[in-house]
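One structure is given below, encoded as structure tokens.
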Amino acid sequence: MKYLSTILFFTFCILGYSPAYAQKINGEIFIPLNDRSDIKMNPRIDTLDNKEDYEFKVRVSPDFKISQFLFEKGLATQNDSVLVINANSQKDGGTDTATLRVIVTSIRGNRIMLFQKQFIVRVPEKIYPIIKNSKSNIIMVNDKVTLERNNSYAKDLLIENHPFVTLYDNATSMKKIDVKGVTISLMEKEGKQYISKGDTLSADAIHELKKIKKPTPVYIRVDGQSGKTRKTVWNRIVVYNE
């Protein structure tokens, strides 16, 4: 049958696609109906940049029509004779794959065919924005563990090997503030404070923390200095016996 030997082809030009290297892509897409092969491209274009629009001029044999474009991991939009595809991989860096599928029917509607083309998608690593409303006055133990307000921590964190405390202004700049003193107060011993004049906990504070048997609220006060500016930060955590 002559329809089976007819080659349905698309001629397309990339419209307005200008990546950083300003390369313009031109070529042909065609679908050989006789052997139901995948979509062919000349020149061969196998790689797309993630989240970039590719606009194709589409021209179809008068004996056939395109019923639908489907683009895996992305969007395919047809507007008259223009097809736009945009890959939307959720990977973080590296490459992914995405398949363009085309459903073709004859004008008389008695033949329905599916053709496809697989692309490699280049995915750049995500560039993380500056944190808005970032946490401020960050207290850390041994410069490794952040003390989150009202979170629970095993007492070993605060009693083993004379732990030291660091203080940062906020989570964005992470500017370190010199620690001039650390004060520990146990809620169960209201009014009693265990004060250190440096960045380590005092021996008395460690002695009291060792006695904890059940989850106990503990207040930590850190006095710091940045240049000529003095800063005092209070934090409340819950300490438990592991």
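Observations on the model:
- Qualifying positions in segment 46-56 - surrounded by 14 or more Cβ atoms within 10 Å (Cβ to Cβ) and assigned to a strand (DSSP E or B): 48, 49, 53, 54, 55, 56
- The set of residues in segment 185-217 being assigned to a strand (DSSP E or B), out of contact with any Phe, Trp or Tyr (no Cβ under 9 Å at 6 or more places or on another chain) and closer than 15 Å to residue 165 by Cα consists of 194, 195, 196.
- Qualifying residue in segment 116-130 (condition: part of a loop (DSSP other than H, G, I, E, B), within 30 Å of residue 228 (Cβ to Cβ) and assigned by TED's automatic domain parsing to the domain that holds residue 232): no
- Count of residues meeting criterion [of a type in the set (Ser, Thr, Tyr) and either part of a strand (DSSP E or B) or not assigned by TED's automatic domain parsing to the domain that holds residue 116 (or both)] in segment 82-97: 2
- Out of 178, 169, one residue alone is at pLDDT 90 or above, in contact with a Lys or Arg (Cβ under 6 Å, 6 or more places away or on another chain), in the same structural domain as residue 219 (by TED's automatic domain parsing) and assigned to a strand (DSSP E or B). It is 169.
- The single residue among 242, 188, 208 that is within 36 Å of the chain's Cα centre (by Cα) and over 23 Å from residue 135 (Cβ atoms) turns out to be 242.
- Residue check, residue 156 among the acidic types (Asp, Glu), surrounded by fewer than 18 Cβ atoms within 10 Å (Cβ to Cβ) and either under 26 Å from the mean Cα position of the chain (by Cα) or not assigned by TED's automatic domain parsing to the domain that holds residue 208 (or both): no
The values are calculated or read from the model by the stated rules, or taken from the named source; none is laboratory data. Fair warning: this is a prediction, and the values are worked out from it, not measured in the lab. Here Cβ is always computed from backbone atoms with ideal geometry, including for glycine, and neighbour counts include all displayed protein chains.
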